[in-house]
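Here the structure is laid out as structure tokens; the discussion comes afterwards.
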Amino acid sequence: MTKTVKIKLLTTPEQSEALQQTVILFNQICNWFSQKAFAVGEFRKNQLQKLFYQECREAFPGFSSQLTIRAIDVVCQAYKLDKRVERVFRKYSAAVYDQRVLAFKLNDEASIWSVKGRFNVPIQVWNKQLFNQNRGQADLICQNGKWFLHLAIWAEDEPIKPAQSFLGVDLGVVNIAATSDGKIFTAQAIEKKRQQYSQHRQRLQLCKSRNAKRRIRKTKKKESGFRKDVNHRIAKELVRVAKGTARGIAIENLKGIQQRTTVRKAQRNQRMSWSFFQLRQFMEYKAADAGVPVVIVDPRNTSRRCFACGHIDKRNRRSQDKFQCCACGHSDQADLNAAKNIAFRAVVNPPIAAATASLQAHDFSRG
């Protein structure tokens, strides 16, 4: 599995300025190659290098030859999805480093190339055990004035162990997740935070000024980061519990649920704003890393079926929170009852899919 380790660079003001100039120039070179590639219709790395490498070296004297090669690779990767539209790189997009222009030392320092020369900078690594494994390329990015390296790591997955029982997980709006063990991850605090972001956006949209638009984009990034952090923590806890009890994880197949189901108008933003697919992705890749099998089960009637007697009836779901069986009188919290049905279904029915494949973890750097 390819993972991403986030490394903080403890730069001085002079080093920060040098890295900023390096990133700006790297993206200027990317745009230079993008224009050339689009003009001649050539998007293969080796051919593009043969055609324009020397011309680029003359146009940008003093810039690293290795970073120039990395810029060509970035441009070619960008055109893989669509060659009909010319790619434009933002001023502060990530600069890609490899082992020739970036080295890590034993004293928690990184030796990094910049337009003002190569220098050593102290680093902070949160997962040193993972950091010591096979390393690949690194993206140099600036976040809120601080510099980070997103370093690709090749790590061996634990073998997926067959499971005889499963931890059922029911995903929802009022409760983000509920497990068959009785654990509920409530959305009360999350919904309060979502409303704060939504109201703040509405106030800014009324201004219609350039500064207001800039703050709207900043708010969007903050809210996205908040969702990502919460989903990471929930997924990590679910995988930890499943691995500790030698069980797999069973979740519903929620593909197309927004088209299949309806909610009240007041709850539309609430459901649409939370990324359940992201949560599922996090669970799958963390489970694969821990050797925990994940199965996807059919979601039909999991909220209407009584776990105690198996009776299915729409009337069993008395309210959003309350479940009481019409046949046997069994009562339970509705989401917990659904989670138990999901776990039961994973055992007795063949799963729709098993999440055993390794996933790319480039966007999951905080996990």
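What are the residue pairs meeting all of these: first residue in region 91-119, first residue free of Cβ contacts under 8 Å to residues at least 12 places away in the same chain, second residue of a type in the set (Lys, Arg), Cβ atoms under 7 Å, and 6 or more apart or on different chains? If the second residue must be of a type in the set (Lys, Arg), the pairs left are Ser111/Lys105; Ser111/Arg118. The requirement of being over 19 Å from Ser165 (Cα atoms), modelled with pLDDT under 90 and in the same structural domain as Ala343 (by TED's automatic domain parsing) is fulfilled nowhere in region 238-252; no residue meets it. Out of curiosity, is Phe277 modelled with pLDDT under 85, aromatic (Phe, Trp, Tyr), in the same structural domain as Asn231 (by TED's automatic domain parsing) and assigned to a helix (DSSP H, G or I)? Considered against the rule, which asks whether it is modelled with pLDDT under 85, aromatic (Phe, Trp, Tyr), in the same structural domain as Asn231 (by TED's automatic domain parsing) and assigned to a helix (DSSP H, G or I), Phe277 comes out as yes. Ser111 - would you say it is surrounded by 13 or more Cβ atoms within 10 Å (Cβ to Cβ), hydroxyl-bearing (Ser, Thr, Tyr) and in a loop (DSSP other than H, G, I, E, B)? So Ser111 does not fit the description; no. Applying the set (1) hydrophobic (A, V, I, L, M, F, W, C); (2) closer than 28 Å to Ala110 by Cα; (3) assigned to a helix (DSSP H, G or I) to Phe52 leaves exactly one unmet item: (2).
A count restricted to region 131-152 and to residues that are crowded, with 18+ Cβ neighbours inside 10 Å and touching a Phe, Trp or Tyr at 6+ places or on another chain (Cβ under 7 Å) stands at 2. Look at (1) outside any loop (DSSP other than H, G, I, E, B); (2) touching a Phe, Trp or Tyr at 6+ places or on another chain (Cβ under 9 Å); (3) closer than 25 Å to Gln21 by Cβ; (4) of a type outside the set (Val, Ile, Thr) and you find that Phe89 fails only one, number (1).
Just so you know, in region 322-341 the residues that are outside any helix (DSSP H, G or I) and in contact (Cβ under 8 Å) with a residue 24 or more places away in the chain include one that is surrounded by the most Cβ atoms within 10 Å (Cβ to Cβ), and it is Asp332. Within region 232-249, is even one residue under 30 Å from Arg100 (Cα atoms) and of a type in the set (D, E, K, R)? Among the residues of region 232-249, not one is under 30 Å from Arg100 (Cα atoms) and of a type in the set (D, E, K, R), which makes the answer no. Residues considered: Ser331, Ser358. Of these, the only one that is at pLDDT 90 or above, among the hydroxyl-bearing types (Ser, Thr, Tyr) and either farther than 30 Å from Glu158 by Cβ or within 29 Å of the chain's Cα centre (by Cα) (or both) is Ser331. Within the set Lys105, Lys128, the sole residue that is at pLDDT below 90, closer than 30 Å to Pro293 by Cα and surrounded by fewer than 15 Cβ atoms within 10 Å (Cβ to Cβ) turns out to be Lys128. Tell me, yes or no, whether region 165-177 has at least one residue that is assigned by TED's automatic domain parsing to the domain that holds Glu252 and at positive phi. No, the conditions are met nowhere in region 165-177.
The values are calculated or read from the model by the stated rules, or taken from the named source; none is laboratory data. Just so we're clear, the structure is a prediction, and the values are computed from it rather than from any experiment. Every residue, glycine among them, receives a Cβ derived from its backbone with ideal geometry; neighbour counts consider all protein chains shown.
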